[in-house]
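Q: The structure under discussion is supplied below as structure tokens; questions concerning it will follow.
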Amino acid sequence: MKILKIPLSAVFLALLLLPAWLQAADFIESAAFSGKNGIAVAFAVPVDKTAAGEVSRYTVYEENDPDIKLSLASAALGSDGRSLQLLFAEPLNSAKTHVVRVQGLGDGAELNFKVAKPYFGHLFSILVAALLINNFVFTKYLGLCVFFGTSKRKKTAKGMGVVFTIVMVASASMSWLFYQFTLIPFHLDFLQIVVFIGLVSLTVQAVDTILRKVNPVLFNSFGVYLVLVIANCVIIAVPLIMSSLNYNFLETFMLALGAGGGFLLALYLMSSVRERLELAKIPPTFKGLPIAFIVAGQFALAFLGFSGLQLF
Amino acid sequence: MTTSSNTKTPWELLSRGILSENPIFRLALSMCPAVGISTTVMNGLMLGVAVLLVQVFSSVTISLFKNQIHPRIRIPTYTLTIATWVTVIDLVMAAYLPGAYAKMGIFIKLIVAFAIITMRLEMFACKENAADSFWDGVGMGLGFMVGMVVIGFVRELLGSGAILGYDVLGFKPLLFFILPSAGFFVVGLMMAFFNWVELVYKRRKGIQS
């Protein structure tokens, strides 16, 4: 328990500090992406027009790639002297945090601030990406065994999807805590596969036991699917993606929620089609799995349409 | 050979994995990579080799320690054994074949969740001796590899008109097959084809007898 207390308080501290991280300096009132290749900055006091207009004073890069400087096309100060519009030669990747450095503006020293998407927008985009754009079944091709095995009936599909979502969120949260506070400090991250699969099995066992005691009715309807969940690639993929992209806790939570929801969506869509397929006249060679694969292929083509979807 | 009367010869174990119990086409297990990354022959071959190695090493390990494993904790033991060998293969591939490893993405790590490997440990390796388990593992691994290579062959030939990166046809018949979602169609059509072969074979046999 003692080990757990520090991480939890650290998480809350990080949550409290988030708004402060978004607004860098008092001199800058706001900085946000505008359009595809622009950044709009609002200053608290009017600044020198000629200095602000010199492109060579600015250095802009993505936070995780400080060596790659982005080329600025123009910097235009508004007539009130407070709103600055930066235009870049190429479109910006607004999913990344950008750092802007300006020489000799304002107090004379170097001005330095970060531009990022609104944090909740960022979290929401992770959720939508896992749910639709990178749907785990139709665009990442994970968990197909369970997907084809349990999508024959709508009722089963719904139960399975809900159980998957619960287990995914629980196991991803646990994996994140373990990864951040045990594996990384002790440089054991090469053991991540062994640790994550152990944690997933443990979570499934825990959900099984807790559900049996707390809500026997729910257990009777969902319990049978729990056995199928243990060694499944969708569940183990979430912690692996989390560790490779270095997500923080909220991002991991959103990824797991989106992945689970996406799996539920895929199962529900597929089971609706398969219930109807039973009434259709199918050539004997295509009965069963072959026709299910072809239906899934059509769904996958339809899900390609979500690529490039951006809400924030 | 000290095999007892009811165990099989290596050749029988091998052919069973490749033909009658082919993991992809007959058992329909471990479909995710068969759909996801079988866009070229090379990808299929690489993942096939990785699965083959993990399967063989895990089978032999479990077979050697089968008397020390308590039956009640056998499934967790299998999982941890597989996870250990996957870690070894994952690190080795990342170090020596970085190009191919980058293309596989997360799928090498996900070998840990392949139903086929756990199933072979549960059904074969925990009962038989190490030599038989070795051949069973080789057979299943080869069966998986053959399946991956066949799907990769069809998709690469139809999608980019090439085999193993060499241009054979000189034109690109259907770019659609290179798209990831075409994997579902190729696997579905192949399963239908094997069903059809089986139907025709049974009908012929029925007429003859």
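Q: How many of the residues in the range A:70-93 are open to solvent by 30 Å² or more (accessible area, probe 1.4 Å) and either part of a loop (DSSP other than H, G, I, E, B) or of a type outside the set (A, V, I, L, M, F, W, C) (or both)?
A: Matching residues across the range A:70-93 total 12.
Q: Taking the options B:ARG120, B:ARG203, name whichever one is open to solvent by less than 20 Å² (accessible area, probe 1.4 Å) and either farther than 18 Å from A:ILE294 by Cβ or within 14 Å of another protein chain (Cβ to nearest Cβ) (or both). Spell out the reasoning first.
A: Values: B:ARG203 fails: open to solvent by less than 20 Å² (accessible area, probe 1.4 Å).
On inspection, the qualifying residue turns out to be B:ARG120.
Q: I've got another one for you. I'm trying to understand the selection: among the residues of the range A:229-240, which are facing chain B (nearest Cβ under 7 Å) and either at pLDDT 85 or above or in contact with a Phe, Trp or Tyr (Cβ under 7 Å, 6 or more places away or on another chain) (or both)?
A: Looking only at the range A:229-240, we keep the residues that are facing chain B (nearest Cβ under 7 Å), and these are A:231-233, A:236-237, A:240.
Once the filter is applied, which keeps residues that are facing chain B (nearest Cβ under 7 Å) and either at pLDDT 85 or above or in contact with a Phe, Trp or Tyr (Cβ under 7 Å, 6 or more places away or on another chain) (or both), the range A:229-240 yields A:ILE236, A:ALA237, A:LEU240.
Q: How about the range A:270-307: which of its residues are in contact (Cβ under 8 Å) with a residue 12 or more places away in the chain and either hydroxyl-bearing (Ser, Thr, Tyr) or away from chain B (no Cβ under 14 Å) (or both)?
A: A:SER271, A:SER272, A:GLU275, A:SER307
Q: Scan B:GLY143, B:GLY161, B:GLY165, B:GLY188 and give me the residue that is buried (at least 16 other Cβ atoms within 10 Å of the Cβ) and on the phi > 0 side of the Ramachandran plot. Spell out how you get there, then give the answer.
A: Values: B:GLY143 fails: on the phi > 0 side of the Ramachandran plot; B:GLY165 fails: buried (at least 16 other Cβ atoms within 10 Å of the Cβ); B:GLY188 fails: on the phi > 0 side of the Ramachandran plot.
Every option except B:GLY161 fails the conditions.
Q: Looking at (1) surrounded by 21 or more Cβ atoms within 10 Å (Cβ to Cβ); (2) in contact with a helix residue (DSSP H, G or I) (Cβ under 6 Å, 6 or more places away or on another chain), can you tell me which one A:GLY159 breaks?
A: (1)
Q: Of B:PRO76, B:PRO33, which residue is free of Cβ contacts under 8 Å to residues at least 12 places away in the same chain, at the interface with chain A (Cβ under 10 Å from one of its Cβ atoms) and not in a loop (DSSP other than H, G, I, E, B)?
A: B:PRO76
Q: If I filter the range B:47-86 down to residues being of a type in the set (A, V, I, L, M) and closer than 13 Å to B:LEU110 by Cα, which single residue comes out as surrounded by the fewest Cβ atoms within 10 Å (Cβ to Cβ)? Walk me through it before giving the result.
A: Keep residues of the range B:47-86 that are of a type in the set (A, V, I, L, M), which gives B:47, B:49-54, B:56, B:60, B:62, B:64, B:69, B:73, B:75, B:80, B:82-83, B:86.
Still in the list and also closer than 13 Å to B:LEU110 by Cα: B:47, B:50-51, B:54, B:82-83, B:86.
On the way: B:LEU47: 28, B:ALA50: 27, B:VAL51: 28, B:VAL54: 27, B:ILE82: 27, B:ALA83: 25, B:VAL86: 27.
Restricting to residues being of a type in the set (A, V, I, L, M) and closer than 13 Å to B:LEU110 by Cα, the top hit is B:ALA83.
Q: Give me the residue from the range B:88-101 that is within 11 Å of chain A (Cβ to nearest Cβ) and within 18 Å of the chain's Cα centre (by Cα) and, out of that set, farthest from B:VAL49 (Cα to Cα). Outline the logic, then answer.
A: Just the residues of the range B:88-101 that are within 11 Å of chain A (Cβ to nearest Cβ), to begin with: B:88-91, B:94.
Retained after the next criterion (residues that are within 18 Å of the chain's Cα centre (by Cα)): B:89-90.
Details: B:ILE89: 10, B:ASP90: 12 Å.
Across the range B:88-101, the extreme among qualifying residues is B:ASP90.
Q: Now a separate question. Would you point out the residue of the range B:102-112, among those that are open to solvent by less than 10 Å² (accessible area, probe 1.4 Å) and within 10 Å of chain A (Cβ to nearest Cβ), that is nearest to A:LEU142 (Cα to Cα)? Working first, answer last.
A: Our first condition is that a residue be open to solvent by less than 10 Å² (accessible area, probe 1.4 Å); within the range B:102-112, this holds for B:104, B:108, B:110-112.
So of that shortlist, the ones also within 10 Å of chain A (Cβ to nearest Cβ) come out as B:108, B:110-112.
On the way: B:ILE108: 13, B:LEU110: 9, B:ILE111: 12, B:VAL112: 13 Å.
The qualifying residue nearest to A:LEU142 (Cα to Cα) is B:LEU110.
Q: In the range A:144-166, is there at least one residue being farther than 30 Å from A:GLN85 by Cα, charged (D, E, K, R) and within 13 Å of another protein chain (Cβ to nearest Cβ)? Step through it out loud before you land on a result.
A: Taking the range A:144-166 first, the residues farther than 30 Å from A:GLN85 by Cα are A:144-166.
With charged (D, E, K, R) added as a condition, the list becomes A:152-155, A:158.
Narrowing the set further to residues that are within 13 Å of another protein chain (Cβ to nearest Cβ) leaves none.
No, the range A:144-166 contains no residue that is farther than 30 Å from A:GLN85 by Cα, charged (D, E, K, R) and within 13 Å of another protein chain (Cβ to nearest Cβ).
The values are calculated or read from the model by the stated rules, or taken from the named source; none is laboratory data. Bear in mind that the values here come from a model prediction, so they are computed numbers and not experimental data. Note that each Cβ is placed from the backbone with ideal geometry, even for glycine, and that neighbours are counted across all protein chains shown. When the accessible area is computed, the model is the full protein with side chains, heavy atoms only, and any ligands, DNA or RNA have been set aside. Shrake-Rupley method; radii C 1.70, N 1.55, O 1.52, S 1.80 Å.
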